[in-house]
Amino acid sequence: MTRVSATEFKNNIGAFSDAAMHEPVIITSHQRDRLVLLSADEYRRLTGTAAGVTPEMEERIKRNLAQHHDTIMELAQR
């Protein structure tokens, strides 16, 4: 993991943004960890959210799956 001060981050935001695509970047303030910069893909992986899927869409998907559960299970057994 890369660790940088807030000032270093501010002065080189592009380089550290690129680095965050490969590994988390810890941003410190007064020698204490304050923030972690990571890629959107890694954030979605950690939070279990798919790209572009809103909470409303996720809820609708769950309702539809529940509504069609028996049919899905029957088809899976064929």
Item to check | Carbon plus sulfur fraction of accessible area for the chain, probe 1.4 Å, in percent | outcome: 54 percent
Next on the checklist: For the chain, give me the percentage of DSSP beta bridges that are antiparallel, rounded to the nearest 5 percent.
Outcome noted: 55 percent
Item to check | Among [x] 43, 12, 10; [y] 22, 12, 10; [z] 20, 13, 10, the entry derived from the coordinates for semi-axes √(5λ) of the Cα gyration tensor in Å | outcome: [x]
Checklist entry - So what J values fall out for region 29-45 if you push phi through Karplus, 6.51 cos²θ - 1.76 cosθ + 1.60 with θ = phi - 60°, rounded to Hz, Gly and Pro as x? => result 9, 6, 6, 10, 5, 10, 9, 10, 9, 9, 5, 4, 4, 5, 4, 4, 4
Checklist entry - Where does the Debye-calculated log10 I(q)/I(0) of region 35-78 sit at q = 0.13, 0.19 Å⁻¹, using only Cα point scatterers of equal weight, no solvent? => result -0.47, -0.71
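The values are calculated or read from the model by the stated rules, or taken from the named source; none is laboratory data. Please read these numbers as outputs of a predicted model, since none were measured by experiment. Calculation scope for accessible area: heavy atoms of the full protein, side chains included, ligands and nucleic acids excluded. Shrake-Rupley method; radii C 1.70, N 1.55, O 1.52, S 1.80 Å.
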